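Comments concern the structure below.
The values are calculated or read from the model by the stated rules, or taken from the named source; none is laboratory data. This one's a predicted model, so the numbers in the text were calculated from it and none came from an experiment. With ideal geometry, Cβ positions are generated from the backbone for all residues, glycine too; neighbour counts draw on all protein chains shown.
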4 protein chains.
Amino acid sequence: MSISSVGFIGLGSMGQGIATNLLKGTSQLRVYNRSKEKTRSLVEQGAVAVEDASDVVEPGGVVFTMLSDDAALRSVVFDSVNFIKRLAPGGIHVSLSTISPDTAREMSEYHDRHGVRFLSAPVIGRPDRAAAGTLFVLLAGRSEAKAAVSPLLERISQRIFDFGEEPWLSNIAKLAFNFNIAAAIEIMAESFTLAEKNGIPRQKMAELLSETLFSSVVYRGYGDHVARHAYDPAGFRLVLGWKDIRLMLQIAAESATPLPIGSLLRDRLLSAIAKGRGELDWSALALGASEDANVPA
Amino acid sequence: MSISSVGFIGLGSMGQGIATNLLKGTSQLRVYNRSKEKTRSLVEQGAVAVEDASDVVEPGGVVFTMLSDDAALRSVVFDSVNFIKRLAPGGIHVSLSTISPDTAREMSEYHDRHGVRFLSAPVIGRPDRAAAGTLFVLLAGRSEAKAAVSPLLERISQRIFDFGEEPWLSNIAKLAFNFNIAAAIEIMAESFTLAEKNGIPRQKMAELLSETLFSSVVYRGYGDHVARHAYDPAGFRLVLGWKDIRLMLQIAAESATPLPIGSLLRDRLLSAIAKGRGELDWSALALGASEDANVPA
Amino acid sequence: MSISSVGFIGLGSMGQGIATNLLKGTSQLRVYNRSKEKTRSLVEQGAVAVEDASDVVEPGGVVFTMLSDDAALRSVVFDSVNFIKRLAPGGIHVSLSTISPDTAREMSEYHDRHGVRFLSAPVIGRPDRAAAGTLFVLLAGRSEAKAAVSPLLERISQRIFDFGEEPWLSNIAKLAFNFNIAAAIEIMAESFTLAEKNGIPRQKMAELLSETLFSSVVYRGYGDHVARHAYDPAGFRLVLGWKDIRLMLQIAAESATPLPIGSLLRDRLLSAIAKGRGELDWSALALGASEDANVPA
Amino acid sequence: MSISSVGFIGLGSMGQGIATNLLKGTSQLRVYNRSKEKTRSLVEQGAVAVEDASDVVEPGGVVFTMLSDDAALRSVVFDSVNFIKRLAPGGIHVSLSTISPDTAREMSEYHDRHGVRFLSAPVIGRPDRAAAGTLFVLLAGRSEAKAAVSPLLERISQRIFDFGEEPWLSNIAKLAFNFNIAAAIEIMAESFTLAEKNGIPRQKMAELLSETLFSSVVYRGYGDHVARHAYDPAGFRLVLGWKDIRLMLQIAAESATPLPIGSLLRDRLLSAIAKGRGELDWSALALGASEDANVPA
C-alpha cells in the first residue's frame, strides 16, 4: 500500500512540531488550520496551505488530525460530507488527538461505512517532544493501514506502541496512562506531606525518589512541581485532567472495573475544582494532601 | 576525625556484599555473624572473624550493623553492656538495617548517654547492588560522625542522601520510600486490570509505562511482575511489606497526617494476608484489583 | 385552586396501592396502564379505565404518573403531544417516579413552556406502604401547585417533605436518601465482618445496632439481611441501586462535591456486578467486605 | 450463687447514676471515688464511702468499676495487690468501663489466676440514661458469673446483650458499635453537603432521614448536630473517638479484616486533629466533607 498524498489538520503547539517532522522527506504536505496564520511557518518550509479542511484530503491519501478535543474533531469530520467523500476510497485518517473511546468508536464505524480506514494514534509527549520527533505513539486500527502509515509515524516519534485492531483501544490505553500520572502525583503528595510533617523537606523526598529507583520523566518532573507546590502556569490544566479521569471512570464503569485509586483521584480533582483550581496544572491535586494534614502550601 | 578500626555485624545476603566492599581498602575489618560459617568468605579475603559481637568494636572505632529487624539489633546492642562500653568514648555505630523510627530514636538516646554516636543509614537496593557497591544510603545523625564515615559509605554506595541530624528521620524516609513502591504496585494493578477488561493485554500496558515516561527500576521490575501475576518466589515478603506500611501509618497517626493511599494499601495488604498470601512477594497485593473486577489471575 | 379531575398512569405494584388510596374520596379517577389487565381491580372499585395515556388527562386536572424509569416517563410525556396539550392550560402533572434530576429538569421546562405545572414527588416506601397510604413524599415544584395537590398527597402518605420550588431538588434528595441506605449496608457489612472474624455472630451485632441507638426501619431490615447474607429475592435490584448511585455521583461531579463513601459504594457495586450479582438485592454489596476478609458468606 | 456484698468504684457522671440505681434495693453498697466529695450524694442515700478502693471489695462479693480509661482501671486493679486478694475467692469484678480488648484480656487472665471472675460490661448510653437506669449493657464472661450479676445489671439497664464467655468480646462489640456511629456521622456529612451544594438545606436532609426510615437516636441526635455544624460543647470528644477508632483498626489488623470505611474515618479524624479539633465533639469529623467541597461551615 503506497501513499499518494499527505494532509495535516490542526496546527496548534503539538501539530506544528508534528507536521514539520512529517514535511521532511514528504514530497508534498497539504496543511489546514482554522486560524490561517498558523500555517505560515510550514508554508515557508514547503507545505501547501489549503482553504478548507477537506482540501487537505484526497482518495488513497493519508490525513492526520491533531485537534483539541472530541468536539473539534467531530466538527472537521462530520460538519461537511466532503471530508469523508474525498478520502474514499482507500484513504486513511490518523487521529492523533486525545479523544474519548466513544468518539473513536463512532469515528471508526463512520469511516468503515465509507470505505476509509480510521486509525487512532494519540501521542504521549509535550510540544518539545513533538518538535524533536520523539513522541510516543499509541496506535490502533486495521493492520494494513497501520503498516502503510508506519514510515510516517516513525518520523514523528521514537516509538510506536501497537494496541491492536480496534481504534478506541489506544484511547483507552492513553486514559489509563494518564491515570498513572495522576496517581503518581497523589502518592508523591501524600509521601511528601508525611515527610514534611516529620521534619524532612519535601524536596529531599522528591530527590530520594527521582534519583533512585523511580528515576523517570514523571517522577522527576511532577516530583519537582509537587515538592515546590508549583502549579502555575499549567502544563496540563486540571479541568482537562478531570475530563480524562472522568472518561476513564466511565470506561471502568462500563467494564465493571472497580478502581479505588481512580475514585480517590475523582474526589481530589472535584475538591480542587470546588476550590477554584481548575486552571492550575493538574498536579495541584496535590494540595489536597497538604490541606488534609493542615500544612500550609 | 580519623577512624581507628572497623567492625561489621550481620553477614546475611546484604551484609556479605557490603562487608566485602568495606574490606577493600580497609587495613583491617573485624566481622561477626551469629552463625559463624557465614564469615568464611570474608576471612578468606582478609577479614578477622571474632567470637562475640562486642569484639568487633573498639573505642573510637566504627561498627556497622546489618540485621534483619528491630529485635535482632536490640539484642546485639542491649543484651550485653559490652557493646556500648567497648565503643565508648568516641565510637560510631552505623545502623544499616531497616528498623522502626522508634527503635532508631531509642538507639540514638542510648548511644548519646554513653558518648557514642549513632547513625541511622538504611539502604535502598537488593543483594546484587550490595555486592556491586551501588546501594543508595539514607543517612541521618550528627554531622561530624557522618563526615567521618562518609569515605566508608562511599565504598558501598553510589549515592548518599543526607536526612539531617536526627537518626530516625532516615528511617521515616525509608518507610515513605517503600510507601511509594507499594502505591506504584497498586496503581499498576488497577490500570492493568482496566486495560485487561477492555481487551488490552496487561503486559502491553506495563510496557507502555515502563518504556516511556515511567521508565525506572520500580516500574520496569514491578510492572513486569504485576503484569504476569508473578509473585513467587518473593523478593520482599508481603508480611514484611505490611510491617513497613503499618509502621508508616503509625508515624502518620502520630504526626496527624491523613494518607488515603496509605489506608487503601493497609486494606489491600490485610486482605492479602487474610487470603494466605503473606509469604508471596508484596506485589501480590495486586491480586486485589483483579479479584474486585472478577478477572482470573 | 380547585381540581377538576384526577388521572393516574402506571399501575405497577406501587401504583396500584397509590391509585387505590386516591380513589377513596375522589368523585372520579381515570386510570391508564400499558397492560390493561392491571386496571381491573381499580375499575371494580369505581375508577374509569381509558384507552390512551392522554385520555386520563384534562385541562385544569391533575395527573399522577408512577412509572418504572426515565424512559417510561419520557415515552408517556413526549411520544404524543396530546399529553401536554390536554393538560394545558392550568393542569398539574405530579411525577411520583424515581427519575433522574436531569429528566426532572427537562420535564419541568417542557411543562412550563405549555403552561402546565410539573411537580416532582418521588416517594419513600415499598408496596406495603403504598397500599397502606403511609408513604413519605418528597415534593418539589411551584407553591400554588403543591398547595393544590396536597389534599391528594395526604391520602397516600403519612408525611410530605417540601424541597422547594425546583422540581429536580426532590429527585436529588431521593438520590441522597438512597445513598444513605447503601452506606448503611456497607458499614453494617464491615462491622459485622469484623465481629465475625473475632468470634461474635453477625446476627448479634445486627441486634446490638437495631435494638439500641440505631433502631429504625433501615437498620432493622437491612441489618437482618446483611447478617444472614440473604440477598435473594431482591427487594431492590442491585443494578437499579447502581443506577441511583451513578446518578448521584453525576450530580456530585456537576456540583464539585467529593464523596468518599459514594466512591467506595461505586467500587463495591461495580465489583458486585462484575461478579454477576446485579439481579440480587442491592444489599449484596455487603459481600465485598466478607470477601476482602476471606470469610465465607 | 448469691451475692454477699456490692461495691462500686468510679463516681463520675456515668458512675453516679449507675451506683444510685444499684443502691435501690441493695442492703448495702460501698462506694469509692478518688476525689471523695463525689461520694456525698450516694452516702446521703445510704451508701457507705470507704477510704481505699480495695475496701469496697470482699470475698464472694461483686465490685463494679466505671473508670475513665484503661490506665485508671489498671491503676485500681494492679497498683495494690489488695484489690484482687480481697475479692478472692469467688468474687466478681464487673468492668463497666470502655476499655481496650487487650486490657480486658489481660484483666481476665489476671483475675482467673486468682480465682476471681472478671466480666466485661461496657455500656451504651450517656449520663441521662445512666441516671434513668435505661442503659444498654454489652456483657461477656463466664456464664455463672453473668447469671449471678444479672439482677444487678437489670437495675441499671433496659437491656443486656450477651457476647459470650470471653470478656474482651463485649469490648470489641462496643468498638464496632462506635464505628457505626462514626460512619453514620460521615455519611450524613457527605449527603448533607451534596444536598447543600445543590440548594437543599442541610437541616431538610437531616429531617428526611431521621423522620422516615432512619428514625433512631443516632440519626436524630447526630443528624441535628451535623446539620447545624454544632460541635461544641463535646458530648464525646474527638480525641476519644479517635482512640476508639484506632483500637478498632488495631483489632481489624490483628484479625486481617480490611475496613475501607474504617480507613476513611481514620483519615477524617487525623485531619480533624491536625486542624485543632480534638476537643470538639467527634461529629466535627463532618467538617471534612464540607471543606473538601469548599462549603463554608
Test each condition in (1) surrounded by 24 or more Cβ atoms within 10 Å (Cβ to Cβ); (2) within 14 Å of chain A (Cβ to nearest Cβ) for C:Q250 and report the one that comes out false. (1)
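Is it the case that A:D224 is more than 12 Å from every other protein chain (Cβ to nearest Cβ), in contact (Cβ under 8 Å) with a residue 12 or more places away in the chain, out of contact with any Phe, Trp or Tyr (no Cβ under 9 Å at 6 or more places or on another chain) and farther than 20 Å from B:E186 by Cα? If you could, list the steps in order and put the result at the bottom.
Working: more than 12 Å from every other protein chain (Cβ to nearest Cβ): yes; in contact (Cβ under 8 Å) with a residue 12 or more places away in the chain: yes; out of contact with any Phe, Trp or Tyr (no Cβ under 9 Å at 6 or more places or on another chain): yes; farther than 20 Å from B:E186 by Cα: yes.
It is true that A:D224 is more than 12 Å from every other protein chain (Cβ to nearest Cβ), in contact (Cβ under 8 Å) with a residue 12 or more places away in the chain, out of contact with any Phe, Trp or Tyr (no Cβ under 9 Å at 6 or more places or on another chain) and farther than 20 Å from B:E186 by Cα.
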So the check is Cβ under 8 Å with 6+ separation or different chains; which pairs have a first residue in the range A:40-51 that's farther than 13 Å from A:N21 by Cα and a second one that's modelled with pLDDT of 95 or more and exposed (fewer than 12 other Cβ atoms within 10 Å of the Cβ)? none
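Looking at this structure, is C:A293 more than 23 Å from the chain's Cα centre (by Cα), within 21 Å of D:I172 (Cβ to Cβ) and touching a residue at least 12 places away in the same chain (Cβ under 8 Å)?
Values: more than 23 Å from the chain's Cα centre (by Cα): yes; within 21 Å of D:I172 (Cβ to Cβ): yes; touching a residue at least 12 places away in the same chain (Cβ under 8 Å): yes.
It is true that C:A293 is more than 23 Å from the chain's Cα centre (by Cα), within 21 Å of D:I172 (Cβ to Cβ) and touching a residue at least 12 places away in the same chain (Cβ under 8 Å).
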Output the number of residues of the range C:274-297 satisfying the condition of being under 17 Å from C:A182 (Cβ atoms) and of a type in the set (S, T, N, Q). 2
Subset tally (residues that are over 13 Å from A:A289 (Cα atoms) and either touching a strand residue (DSSP E or B) at 6+ places or on another chain (Cβ under 9 Å) or at the interface with chain B (Cβ under 7 Å from one of its Cβ atoms) (or both)) for the range A:179-189: 2
Could you tell me which numbered condition A:G241 fails, if it satisfies all but one of (1) part of a helix (DSSP H, G or I); (2) surrounded by 23 or more Cβ atoms within 10 Å (Cβ to Cβ); (3) facing another protein chain (nearest Cβ under 7 Å)? (3)
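Do we have C:L287 as more than 14 Å from chain A (Cβ to nearest Cβ) and surrounded by fewer than 23 Cβ atoms within 10 Å (Cβ to Cβ) here? Before you say what the answer is, go through the steps one by one.
Working: more than 14 Å from chain A (Cβ to nearest Cβ): no; surrounded by fewer than 23 Cβ atoms within 10 Å (Cβ to Cβ): yes.
Judged against the criteria, C:L287 is not a match.
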Selection count, the range D:162-173, where residues are over 15 Å from the mean Cα position of the chain (by Cα), more than 7 Å from every other protein chain (Cβ to nearest Cβ) and buried (at least 21 other Cβ atoms within 10 Å of the Cβ): 0
Within the range B:88-104, work out how many residues are farther than 26 Å from B:F136 by Cβ and aliphatic (A, V, I, L, M). 1
Looking at (1) under 21 Å from the mean Cα position of the chain (by Cα); (2) closer than 30 Å to B:G241 by Cβ; (3) not basic (K, R), which one does B:I92 not meet, given that it meets all the others? (2)
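Looking at this structure, is C:L269 more than 14 Å from chain A (Cβ to nearest Cβ), in contact with a helix residue (DSSP H, G or I) (Cβ under 7 Å, 6 or more places away or on another chain) and aliphatic (A, V, I, L, M)?
Working: more than 14 Å from chain A (Cβ to nearest Cβ): no; in contact with a helix residue (DSSP H, G or I) (Cβ under 7 Å, 6 or more places away or on another chain): yes; aliphatic (A, V, I, L, M): yes.
In short, no.
Any residue at all in the range A:10-17 that's exposed (fewer than 13 other Cβ atoms within 10 Å of the Cβ) and in contact (Cβ under 8 Å) with a residue 40 or more places away in the chain? Before you say what the answer is, go through the steps one by one.
Keep residues of the range A:10-17 that are exposed (fewer than 13 other Cβ atoms within 10 Å of the Cβ), which gives none.
No, the range A:10-17 contains no residue that is exposed (fewer than 13 other Cβ atoms within 10 Å of the Cβ) and in contact (Cβ under 8 Å) with a residue 40 or more places away in the chain.
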Please work out if B:V31 is of a type in the set (V, I, T), modelled with pLDDT of 95 or more and surrounded by 23 or more Cβ atoms within 10 Å (Cβ to Cβ). yes
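Just need a number here: residues in the range D:77-106 that are among the small types (G, A, S) and farther than 21 Å from D:S170 by Cβ.
Within the range D:77-106, the first condition is being among the small types (G, A, S), and the residues that meet it are D:80, D:88, D:90-91, D:95, D:97, D:100, D:104.
Remaining after also requiring farther than 21 Å from D:S170 by Cβ: D:80, D:88, D:90.
Total meeting the criteria: 3.
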Name, by its number, the condition in (1) at the interface with chain D (Cβ under 7 Å from one of its Cβ atoms); (2) within 15 Å of C:A289 (Cα to Cα) that does not hold for C:L208. (2)
Taking the range D:272-284 and keeping residues touching a residue at least 12 places away in the same chain (Cβ under 8 Å), in a helix (DSSP H, G or I) and either surrounded by fewer than 23 Cβ atoms within 10 Å (Cβ to Cβ) or within 10 Å of chain B (Cβ to nearest Cβ) (or both) leaves D:A272, D:I273
Residue under question is B:G223, and the condition is that it be of a type outside the set (F, W, Y) and surrounded by 24 or more Cβ atoms within 10 Å (Cβ to Cβ); does it hold? yes
Test each condition in (1) over 18 Å from B:T20 (Cα atoms); (2) small (G, A, S); (3) free of Cβ contacts under 8 Å to residues at least 40 places away in the same chain for B:S157 and report the one that comes out false. (1)
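Return yes when C:F136 is closer than 24 Å to C:A253 by Cβ, facing chain D (nearest Cβ under 7 Å) and under 18 Å from the mean Cα position of the chain (by Cα) and no when it is not. First the steps, then the outcome.
Details: closer than 24 Å to C:A253 by Cβ: no; facing chain D (nearest Cβ under 7 Å): yes; under 18 Å from the mean Cα position of the chain (by Cα): yes.
No: the conditions fail for C:F136.
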Regarding A:A104, is this residue touching a residue at least 12 places away in the same chain (Cβ under 8 Å), surrounded by fewer than 23 Cβ atoms within 10 Å (Cβ to Cβ) and either among the aliphatic types (A, V, I, L, M) or not in a helix (DSSP H, G or I) (or both)? no
Given the criterion within 12 Å of chain D (Cβ to nearest Cβ), more than 20 Å from C:L11 (Cβ to Cβ) and out of contact with any Ser or Thr (no Cβ under 9 Å at 6 or more places or on another chain), identify the matching residue among C:R142, C:R105, C:R113, C:R159. C:R105
Is it true that C:L264 is assigned to a helix (DSSP H, G or I), within 14 Å of chain A (Cβ to nearest Cβ) and either among the aliphatic types (A, V, I, L, M) or in contact with a strand residue (DSSP E or B) (Cβ under 6 Å, 6 or more places away or on another chain) (or both)? yes
Return the residues of the range C:190-205 that are surrounded by fewer than 24 Cβ atoms within 10 Å (Cβ to Cβ), of a type in the set (S, T, N, Q) and either in contact with a strand residue (DSSP E or B) (Cβ under 9 Å, 6 or more places away or on another chain) or at the interface with chain D (Cβ under 7 Å from one of its Cβ atoms) (or both); say none if nothing qualifies. C:N198
